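First comes the structure, then the notes that go with it.
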């Protein structure tokens, strides 16, 4: 099935979830490198984690909304929840775009 034949909600969900997956894939090695730097410096290089902060944006809504969620479950569940959240947000955005485009087609 061609991308152009997908419903707008699915396109939006794939884009939102795909971007979230991409950022998580880039975030994990960055976080491991920052932890390694922190340990090797004896706890002095605490700012090494700040270089990974821009890659952490997909997980921030889950971390802000549900802080108890983090202490109870592992980081894997945090990652899965953030991917599902961004898929849902992308689907809502795609639904809105599809609704607007269908309104414009009906006006012509």
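The values are calculated or read from the model by the stated rules, or taken from the named source; none is laboratory data. This one's a predicted model, so the numbers in the text were calculated from it and none came from an experiment. Reconstructed Cβ throughout: ideal geometry from the backbone, glycine too, with neighbour counts over all protein chains shown.
Descriptive notes on the structure:
- Residue 93 vs. criteria part of a helix (DSSP H, G or I), surrounded by 16 or more Cβ atoms within 10 Å (Cβ to Cβ) and modelled with pLDDT of 95 or more: yes
- Residue pairs whose Cβ atoms lie under 8 Å apart, separated by 6 or more positions or on different chains, with the first residue in the range 84-108 and in contact (Cβ under 8 Å) with a residue 60 or more places away in the chain and at negative phi and the second surrounded by 12 or more Cβ atoms within 10 Å (Cβ to Cβ) and not in a helix (DSSP H, G or I), are 94/7; 98/7.
- Residue 78 modelled with pLDDT of 80 or more, outside any loop (DSSP other than H, G, I, E, B) and surrounded by 14 or more Cβ atoms within 10 Å (Cβ to Cβ): yes
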